[in-house]
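Engineer: So that we are looking at the same thing, I have put the structure below in structure tokens.
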Amino acid sequence: MGEEEEDQQTNLDTEAAEITEQPADQAYSWPVIRFDVQPYRTYHFYQQFRTPSNPNNFHKGVKWSPDGSCFLTCSDDNTFRIFPLPDNESGGYANSCSADADSYTADLVVTEGESVYDYCWYPYMSALDTCTCVFASTTRDHPIHLWDATSGQLRCTYRAYDAMDEITAAFSVAFNPTGAKIYAGYNKSIRVFDVHRPGRDFGQHSTLQGNKEGQAGIISSIAFSPSHTGMLATGSYSQTTAIYREDNMELLYVLHGQEGGVTHVQFSKDGNYLYTGGRKDPYILCWDIRKTVDIVFKLYRSSETTNQRIQFDIEPLGQKLGTGGQDGLVHIYELQTGQWVSCFQAALDTVSGFSFHPFLPMAASSSGHRRFGILDDSDRDFSLTGDENCAAVWSFSYAGWNLEDRGVQRRVDSEK
């Protein structure tokens, strides 16, 4: 490296330090991401997901930890992988993305016994406190598991039983905002577990009333309002979404309009709006929960012919929503108007997972879908490219900064 490049890198490090070293009395403000500039793929992973026993090991989703120190992937081999975010992400972005190899390997690999239905992080997870480094998962024919995200050990289980006194598996799982309870979705019911009391003790709430009003079907997704209004939303494969009060599970609304079974529900940052997406449904619906008569607007995504569950997410400022699709694109929408803003190519197959970093101008994506007939066709030489069944971390430009081709963020010099 020449002297000029060394001086340039020193300037970058100094500028990064000026941003990260804020006065103690100055509150952190989220960067305003520039979605009109294509993001840069900072890290890329695919080789460690390829196994001889499962050549089509597609991803089911990806989720950042609440503290932003790592992200969690779930794949078809019933395995969770935790990837840490390198320390240099607090400053400049190093070019660690290669088309021929993974950027780095997962820190932790946790294998479940059966197909994974759902998973979620403990809401107050912090890498500085190992007691909080846990995530919950639910799998077929198994109880809810609480995993240690640092050692991979099973902390405890939460078991629900049916009328025959046999273990029944939850189809969805979520912590309430205080992190004291786990809400789990079952067929026509929701069970509530106390985090501090593992075992078979739980409260049960039917989603159908005595007069058959309410929400039928399997409860496939659960989300809590972030504005401390005490409300939660549940999506069902019966193509409905219900909103309840958390304290007594009183049913407030039942929303109809999804063309497929609801697979994802998420509140806006202020808690006034709810976004719902369904299986084989090309539209994410926006609902104003203060006036739930009509749909506010619809956001298109390509998902008409795939059974894959496709995640979407809202950026930290609450102004934009990003969603994957079966076309390999991530679409960004303006939430005030419902207008399309931009898109970028995240993979060459279905983008099943997309998650914004909780405070940095970054996002993680995962891709893949079930390919039928692969193992049965022995004459076919099956192979995937590095942009299929992959995971990636993306870096965005933001106000006052710009992404260069090498993936290094530098301050834009207005005098040049």
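Engineer: For a quick check of your reading of the model, give me the residue pairs whose first member lies in segment 108-129 and is in contact (Cβ under 8 Å) with a residue 24 or more places away in the chain and part of a strand (DSSP E or B), whose second is among the charged types (D, E, K, R) and open to solvent by less than 50 Å² (accessible area, probe 1.4 Å), with beta-carbon atoms closer than 8 Å and at least 6 apart or on different chains.
Structural biologist: From segment 108-129, the pairs are Leu108/Arg81; Val109/Arg81; Val110/Arg81; Thr111/Asp77; Val116/Lys60; Ser126/Asp67.
Engineer: Quick check: is even one residue across segment 88-104 outside any helix (DSSP H, G or I), of a type in the set (S, T, N, Q) and modelled with pLDDT of 95 or more?
Structural biologist: no
Engineer: If you go through segment 204-223 one residue at a time, how many are open to solvent by less than 30 Å² (accessible area, probe 1.4 Å) and of a type outside the set (Val, Ile, Thr)? Explain how you work it out, then say what you get.
Structural biologist: Of all residues in segment 204-223, those open to solvent by less than 30 Å² (accessible area, probe 1.4 Å) come to 207, 214-215, 217, 219-223.
Subset that is of a type outside the set (Val, Ile, Thr): 214-215, 217, 220-221, 223.
Going through segment 204-223 one residue at a time, the tally reaches 6.
Engineer: Which numbered condition in (1) touching a Lys or Arg at 6+ places or on another chain (Cβ under 8 Å); (2) not in a strand (DSSP E or B) is the only one that Thr229 fails?
Structural biologist: Result: Thr229 passes all but (1).
Engineer: On to the next question. Hey, any hits in segment 159-174 for a residue that's in a loop (DSSP other than H, G, I, E, B), in contact (Cβ under 8 Å) with a residue 60 or more places away in the chain, farther than 25 Å from Val265 by Cα and not hydrophobic (A, V, I, L, M, F, W, C)?
Structural biologist: No, segment 159-174 contains no residue that is in a loop (DSSP other than H, G, I, E, B), in contact (Cβ under 8 Å) with a residue 60 or more places away in the chain, farther than 25 Å from Val265 by Cα and not hydrophobic (A, V, I, L, M, F, W, C).
Engineer: Any idea how many residues of segment 20-74 are at pLDDT 80 or above and assigned to a strand (DSSP E or B)?
Structural biologist: Of the residues in that region, 19 qualify.
Engineer: Would you be able to tell me the number of residues in segment 147-167 that are hydrophobic (A, V, I, L, M, F, W, C) and closer than 19 Å to Leu128 by Cα?
Structural biologist: Within segment 147-167, residues that are hydrophobic (A, V, I, L, M, F, W, C) and closer than 19 Å to Leu128 by Cα number 2.
Engineer: Select from segment 130-150 the residues that are touching a residue at least 40 places away in the same chain (Cβ under 8 Å), open to solvent by 20 Å² or more (accessible area, probe 1.4 Å) and farther than 14 Å from Ser69 by Cβ and list them in ascending order.
Structural biologist: Trp147
Engineer: Take Phe135 and tell me if it is modelled with pLDDT of 95 or more and touching a Gly at 6+ places or on another chain (Cβ under 7 Å).
Structural biologist: So Phe135 does not fit the description; no.
Engineer: For segment 367-402, give me each residue that is modelled with pLDDT of 75 or more and not in a loop (DSSP other than H, G, I, E, B). Please lay out each step first, then the result.
Structural biologist: Start the filter on segment 367-402 by keeping residues that are modelled with pLDDT of 75 or more, which leaves 367-371, 384-385, 387-399.
Once the filter is applied, which keeps residues that are modelled with pLDDT of 75 or more and not in a loop (DSSP other than H, G, I, E, B), segment 367-402 yields Ser367, Ala391, Ala392, Val393, Trp394, Ser395, Ser397, Tyr398.
Okay, residues lined up against (1) out of contact with any Asp or Glu (no Cβ under 8 Å at 6 or more places or on another chain); (2) surrounded by fewer than 22 Cβ atoms within 10 Å (Cβ to Cβ); (3) of a type in the set (Gly, Ala, Ser); (4) modelled with pLDDT under 95:
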position	(1), (2), (3), (4)
Asn248	yes, yes, no, yes
Tyr253	yes, yes, no, yes
Gly257	yes, yes, yes, yes
Thr263	yes, no, no, no
Phe267	yes, no, no, no
Asn272	no, yes, no, yes
Thr276	yes, no, no, no
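The values are calculated or read from the model by the stated rules, or taken from the named source; none is laboratory data. It should be emphasised that the depicted structure is a prediction, and the values quoted were computed from it without experimental measurement. In this analysis, Cβ positions are derived from the backbone assuming ideal geometry, glycine residues included, and neighbour counts consider all displayed protein chains. Protein only, heavy atoms only, side chains kept; ligands, DNA and RNA dropped before computing areas. Shrake-Rupley method; radii C 1.70, N 1.55, O 1.52, S 1.80 Å.
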